[in-house]
Each structure stands twice: as C-alpha cells, then as structure tokens.
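Novice: I'd like to ask some things about the structure below.
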C-alpha cells in the first residue's frame with residue numbers, strides 16, 4: 001500500500017475544516033480535485049473516511065483513526081526536514097500553537113517577534129483557545145504545542161508532557177477608593193458582590209471565572225467586557241467595576257494607573273504557566289528553539305522583576 005504525502009495533507013485539511021471546499025482552499029486546489037483525491041484514498045484503504053452532507057463533511061471512525069496517523073506522519077516528515085535544513089541556507093517550517101489569553105496578549109507577541117525576525121523561513125499560527133481546547137488540540141496533534149496556566153482542578157492527560165516555566169496568581173484589581181480595599185482578606189466570593197470588568201466571552205479567563213462563580217451559586221456580575229488587559233485596567237481605574245487579572249499584568253498597569261491590587265485568598269487563584277507537548281512527538285529543531293526561548297524569556301523576566 002502506497003501513501004502519497006500530498007493526499008494525507010489534503011485529508012488533514014478537509015478533516016480540520018469539516019469542509020471539502022475549505023480544505024481545497026487551504027490546499028490551493030479545486031474542490032473537484034480534492035474530492036477525487038479523497039475518493040482515491042478511500043478506495044486505497046477500502047474504508048469510508050467522511051460522512052458527507054449539505055452542511056459539510058464529518059469524519060467516520062475510520063477517518064478519525066487515519067487523522068491520528070496522518071498527523072503523526074506529517075509531523076515526522078517536518079522533523080526530518082528540520083534535521084537536514086541546517087545544511088541549507090535557510091530554514092523553512094511551520095508551527096501551530098494554541099495558547100490562553102494571557103499568553104496571546106501578554107508575552108507571546110514579544111517572544112515571537114524576536115524569534116521570527118531572525119528566521120524568515122518559519123511561520124507560526126498562534127490561536128487563542130480555552131484550556132480544554134488547548135489540551136485536546138495538543139493531544140490530537142492539531143497543535144504542536146500549547147501554552148496555558150494550569151490551575152487547581154485542571155487535569156492534564158499522561159500522554160502530554162507538561163513543562164512549567166513560571167508561576168502566576170490571579171488578583172483583584174479595584175479603584176483606589178473601593179470598599180474591598182479596606183478588608184484584610186479578600187475571596188473571590190466577596191468580589192462577586194460587585195460589578196465586574198471582564199475579558200471577552202471567548203477568553204480562557206472569562207470562562208474559568210464564570211465557572212468558579214457558579215460554584216458559589218452566583219452569576220458572574222459582568223458590567224462590561226473588553227478585549228485586552230489594558231482596557232480592563234482603564235475601566236477599573238475609572239470606577240466601572242472590579243476585575244480579576246493575572247498578578248503580573250495588574251502590577252504592570254498599576255505602575256501608571258490608579259489601581260489597588262489585592263491577593264485573593266482562594267487556593268485556586270495560583271496557577272502554573274506551562275507549555276504542553278505530546279510525549280510521543282519530537283518538535284522540529286526550530287520548534288525546540290522556540291520552546292527554549294519561551295522558558296528563558298519568562299525566567300529572565302522573573303529574575304529582572306525580583307532584582308528590581
């Protein structure tokens with residue numbers, strides 16, 4: 001049985017897009033050509049790979065199984081290319097990273113700008129995802145690596161390797177004259193009695209805080225939702241509401257805004273910033289370089305913050 005790598009790539013495109021048309025666009029082929037390649041692959045495997053409907057396509061059990069193998073095969077091909085790319089004048093490759101809101105907004109733009117500036121042949125697809133989607137994406141090979149803050153109660157499958165690189169905690173940010181600033185100890189439940197400034201509903205932090213509020217039998221009292229921590233801090237400073245933010249972020253904006261930043265006494269407010277990769281997946285050389293840069297960047301920032 002002979003597998004064409006191009007057919008496997010087309011199959012993965014269609015599977016990820018749940019659409020022949022969208023998959024064809026990613027492969028830069030016509031829909032008819034992609035449909036023919038998929039049918040040829042099905043004939044070769046003697047298995048139906050997709051259920052087809054007017055809404056798109058959906059993987060069959062055989063298709064799910066092939067998708068796992070196809071991703072592993074294509075990752076290994078990229079690994080081989082990377083190993084031998086040192087003999088060429090340039091490195092060409094691609095990485096897909098799923099990350100939480102803090103990573104996407106706070107430090108990955110700086111990390112990637114430095115990394116990509118000296119590697120013109122490398123492209124990176126950085127996507128903001130929820131914690132559950134990050135874990136699932138790395139597990140099934142949709143993403144090469146995931147970046148998230150692992151909190152109490154979050155379980156990571158044993159098939160994934162967890163690489164902690166810094167620790168952070170969630171804090172309460174309020175205007176300087178807010179009643180909560182007079183308390184010796186503040187819990188998240190205390191904060192739920194006041195209107196909140198939150199990130200958008202698609203953010204990891206919003207979903208996590210909403211779920212924690214429901215555990216107290218209370219809704220998250222959203223006054224306004226914004227895109228980005230700086231906007232949140234400006235709203236908090238103006239007295240629109242209070243907000244739960246990563247400590248590193250809140251302290252940075254506190255330097256030039258009139259904000260009170262207080263620790264939450266809840267045990268789950270601590271989180272371990274970590275990179276996830278699959279145990280059975282070896283990153284290409286440039287992927288390992290980026291992994292090292294992320295770790296060193298956060299370590300150097302933590303050291304600078306301590307010495308300052």
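Novice: Only residues that are out of contact with any strand residue (DSSP E or B) (no Cβ under 8 Å at 6 or more places or on another chain) and either closer than 18 Å to residue 284 by Cα or without any contact (Cβ under 8 Å) to a residue 12 or more places away in the chain (or both): list them for segment 132-157, please.
Specialist: Hits for segment 132-157 are 132, 136, 140, 155.
Novice: Still on this structure, please answer the following. Mind telling me which of the residues 16, 58, 106 ends up being within 30 Å of residue 227 (Cβ to Cβ) and modelled with pLDDT of 90 or more?
Specialist: 16
Novice: In addition: Looking only at segment 258-268, filter to residues that are surrounded by fewer than 21 Cβ atoms within 10 Å (Cβ to Cβ) and within 19 Å of residue 206 (Cβ to Cβ); which one of those is modelled with the lowest pLDDT?
Specialist: 268
Here's the yes/no breakdown for (1) under 21 Å from residue 13 (Cβ atoms); (2) in the same structural domain as residue 289 (by TED's automatic domain parsing); (3) at pLDDT 90 or above:
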| residue | (1), (2), (3) |
| --- | --- |
| 77 | yes, no, no |
| 100 | no, yes, no |
| 114 | no, yes, no |
| 118 | no, yes, no |
| 128 | no, yes, no |
| 147 | no, yes, yes |
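Novice: With surrounded by 14 or more Cβ atoms within 10 Å (Cβ to Cβ), within 19 Å of residue 150 (Cα to Cα) and at pLDDT 95 or above as the only criterion, which of 194, 188 stands out?
Specialist: Just a single option satisfies the conditions, and that option is 188.
Novice: For segment 172-179, state whether one or more residues are modelled with pLDDT of 90 or more, assigned to a helix (DSSP H, G or I) and more than 21 Å from residue 295 (Cβ to Cβ).
Specialist: yes
Novice: Based on this model, can you work out whether residue 214 counts as at pLDDT 90 or above, closer than 30 Å to residue 73 by Cβ and surrounded by fewer than 21 Cβ atoms within 10 Å (Cβ to Cβ)?
Specialist: Against the criterion (at pLDDT 90 or above, closer than 30 Å to residue 73 by Cβ and surrounded by fewer than 21 Cβ atoms within 10 Å (Cβ to Cβ)), residue 214 does not qualify.
Let's see how each residue does on (1) part of a loop (DSSP other than H, G, I, E, B); (2) farther than 30 Å from residue 68 by Cβ; (3) at pLDDT 90 or above; (4) touching a helix residue (DSSP H, G or I) at 6+ places or on another chain (Cβ under 6 Å):
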{"position": "225", "(1), (2), (3), (4)": "no, yes, yes, no"}
{"position": "230", "(1), (2), (3), (4)": "no, yes, yes, no"}
{"position": "236", "(1), (2), (3), (4)": "no, yes, yes, no"}
{"position": "239", "(1), (2), (3), (4)": "yes, yes, yes, no"}
{"position": "243", "(1), (2), (3), (4)": "no, yes, yes, yes"}
{"position": "250", "(1), (2), (3), (4)": "no, yes, yes, no"}
{"position": "256", "(1), (2), (3), (4)": "yes, yes, yes, no"}
{"position": "272", "(1), (2), (3), (4)": "no, no, no, no"}
{"position": "277", "(1), (2), (3), (4)": "no, no, yes, no"}
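Novice: Between residues in segment 182-211 that are outside the structural domain of residue 232 (by TED's automatic domain parsing) and residues that are modelled with pLDDT of 95 or more, which pairs lie under 6 Å by C-beta distance while being six or more apart or on different chains?
Specialist: Correct list of pairs: empty, since none qualify.
Novice: Among the residues of segment 161-185, how many are farther than 17 Å from residue 236 by Cα and crowded, with 18+ Cβ neighbours inside 10 Å?
Specialist: Result for segment 161-185: 2.
Novice: Report, by residue number, each residue of segment 237-247 that is crowded, with 21+ Cβ neighbours inside 10 Å and either under 26 Å from the mean Cα position of the chain (by Cα) or not assigned by TED's automatic domain parsing to the domain that holds residue 205 (or both).
Specialist: 242, 243, 244, 245, 246
The values are calculated or read from the model by the stated rules, or taken from the named source; none is laboratory data. Remember, it's a predicted structure, so these values are computed and weren't measured experimentally. As a convention, Cβ positions derive from the backbone with ideal geometry for all residues, glycine included, and neighbour counts pool all protein chains shown.
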